[in-house]
1. If only one of V68, V50, V75 is touching a helix residue (DSSP H, G or I) at 6+ places or on another chain (Cβ under 7 Å) and at pLDDT 95 or above, which one is it?
2. Assess whether V61 counts as being among the β-branched types (V, I, T), under 29 Å from S190 (Cβ atoms), part of a helix (DSSP H, G or I) and at pLDDT 90 or above.
3. Of all residues in segment 98-141, which are part of a helix (DSSP H, G or I), modelled with pLDDT of 90 or more and of a type in the set (G, A, S)?
4. Any idea which of (1) within 19 Å of S177 (Cα to Cα); (2) free of Cβ contacts under 8 Å to residues at least 40 places away in the same chain; (3) touching a helix residue (DSSP H, G or I) at 6+ places or on another chain (Cβ under 6 Å) is the one V61 doesn't satisfy?
5. Looking at segment 100-116, is at least one residue in contact with a Phe, Trp or Tyr (Cβ under 7 Å, 6 or more places away or on another chain), closer than 24 Å to S212 by Cβ and crowded, with 19+ Cβ neighbours inside 10 Å?
6. How many residues, within segment 63-82, are more than 12 Å from the chain's Cα centre (by Cα), of a type in the set (D, E) and over 16 Å from D141 (Cα atoms)?
7. What number goes with the only condition from (1) under 20 Å from A163 (Cβ atoms); (2) touching a Pro at 6+ places or on another chain (Cβ under 9 Å); (3) surrounded by fewer than 21 Cβ atoms within 10 Å (Cβ to Cβ) that L135 does not pass?
8. Which of the numbered conditions does Q144 fail, given that it passes all the others? Conditions: (1) under 23 Å from D91 (Cβ atoms); (2) surrounded by fewer than 15 Cβ atoms within 10 Å (Cβ to Cβ); (3) not basic (K, R).
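The values are calculated or read from the model by the stated rules, or taken from the named source; none is laboratory data. Quick caveat: nothing in here was measured; it's all calculated off a predicted structure. Neighbour counts run over all protein chains shown; Cβ positions are idealised from the backbone, glycine included.
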Amino acid sequence: MSPKPNRKSTDSIAHVPLERQSDRRRSQLVEITARLIEAEGVDAVTLARVAELAECSRALVYRYFSNVRELLDTVLLRFVEEMGDSLISDDVVEVFATAASADGDPDPPRQFLAQIFDVFERVGIAGIVVLNSSLVAGTNDEAQSIRRLAMQPYEGALEGLGADETEVDLLFGMLVSNTYFVVDYWRRGSLTRDEAIDLCLASSSALLRAFSERAQQ
């Protein structure tokens, strides 16, 4: 069972009647789902629950999404696309190499993480909740394809540290899970943004450094 983020009251997502325009309705359903995930976790998402929060019929939700997995995949894809628009692959390679170095300058990795937190503040954290969940549980082909898309900017950087295909998958999953749990504490108010970024930097750098050193042996 997926962990429940426990960040927001569901009061903030109740009673959101849908607009009449088709594409806007679809976007609203995705946004309602994202808010539900942030408030109660992935396991709380059902088409009936989304219909209730959207004040529409279940049949209308089915018109746009044939099942819960398709809805979750859309939330994840929105997050991945937003992240992709904010990050540059060449920067990722340099940042990971710096983070894995014992005497590397911490400023570039920290600025990189700050960009990621900017995305969380713009679109919320539902995407990383779904991504973390998809790394833990078996998912369909579409979810795996989106996960590969999410991993794409980081593959070259991890391969540059000596990781093979399997190790890239493992390292990416560990970095996502690490970030998810830190972000969860941040959104609950247990950490400030700066504290969360610093903790992500310390733990991610330690992981990358340990792997790089092992790969060089």
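1. V50
2. It is false that V61 is among the β-branched types (V, I, T), under 29 Å from S190 (Cβ atoms), part of a helix (DSSP H, G or I) and at pLDDT 90 or above.
3. Correct list: A99, A114, A126, G127.
4. Looking at each condition in turn, V61 falls short on (1).
5. No, because not a single residue in segment 100-116 is in contact with a Phe, Trp or Tyr (Cβ under 7 Å, 6 or more places away or on another chain), closer than 24 Å to S212 by Cβ and crowded, with 19+ Cβ neighbours inside 10 Å.
6. 0
7. Tallying (1) under 20 Å from A163 (Cβ atoms); (2) touching a Pro at 6+ places or on another chain (Cβ under 9 Å); (3) surrounded by fewer than 21 Cβ atoms within 10 Å (Cβ to Cβ), L135 fails exactly one: (2).
8. (1)
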